[in-house]
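No lab work stands behind these numbers, since they all come straight from the coordinates. Because the structure is predicted, anything quoted here is derived from the model rather than measured. Using ideal geometry, Cβ is built from the backbone for each residue, glycine included, and neighbour counts are taken over all protein chains shown.
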Amino acid sequence: MAFVMSAGAYQASAQPQDLVQNLLANFERVDLNGDGSISRAEYRKVQDARWPQIDRNGDGFLTVDDFPSNAAGRAKAQLATITHLDTDGDGRLSQSEFVDGEAPLFSRADRNGDGVLIRAELEVAAR
Ligand SMILES: [Ca+2]
Ligand SMILES: [Ca+2]
Ligand SMILES: [Ca+2]
């Protein structure tokens, strides 16, 4: 199934809050099997769909170069929060490191730790 996200919905520089809002707005599309919750696998597909907007210069890796030059400070801060995803330690995140790695936003939003996000959890996370 193709993801039809509204243009510009996902930005590399988007704040976590914006991503939660987008998940809420696109809940039915993200919930591929329609069971009323977003599983880690379904969230992984969202991350996959986001990748072209994240790797803005298209070199296959997420680095500081993928952020607008006027946002270098914020870029470094954001990247510093996901250095643990760099499993091969080359100092940059590949698509698979990013997509398959632990998703801090997902974990934080999953209040009861059952491995899926329901709408109510996202609504709490969006506040
Ligand atoms: Ca689901
Ligand atoms: Ca890149
Ligand atoms: Ca890496």
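Points worth noting:
- Computed on the chain, the Cα convex hull volume stands at 111 Å³ per residue.
- Point-to-point label distance, ARG127-GLN21, nm (Cα→Cβ direction, 7 Å offset): 1.8
- Loop-resident sites, segment 38-84, for trypsin sites (Lys or Arg not before Pro), counting at most 16 other Cβ within 10 Å (DSSP): ARG56
- Shown in residue order for segment 21-35 are the 3J(HN,Hα) couplings computed by the Karplus curve 6.51 cos²θ - 1.76 cosθ + 1.60 at θ = phi - 60°: 4, 5, 4, 5, 5, 10, 3, 4, 6, 6, 6, 4, 8, x, 8 Hz (x for Gly and Pro).
- Backbone phi angles across segment 66-74, fed through the Karplus curve with coefficients 6.51, -1.76 and 1.60 (θ = phi - 60°), yield HN-Hα couplings of 7, 9, x, 4, 7, 10, 4, x, 5 Hz in residue order; Gly and Pro are listed as x.
- Förster-model FRET efficiency, 25 Å R0, ALA41 and ALA120, C-beta, rounded to 0.05: 0.80
- Counted residue by residue at 0.36 nm each, then reduced by the alpha carbon distance between them, the extension gain from ALA72 to SER96 reaches 6.3 nm.
- Under-5 Å amide H pairs with SER94, H placed in peptide plane, nonlocal only: LEU62
- In Hz, Karplus ³J(HN,Hα) per residue of segment 111-122 (6.51, -1.76, 1.60; θ = phi - 60°; x = Gly, Pro): 4, 8, x, 8, x, 9, 9, 9, 4, 4, 5, 5
- Spatially, segment 98-126 and segment 83-97 are offset by 21 Å when compared through their Cα centroids.
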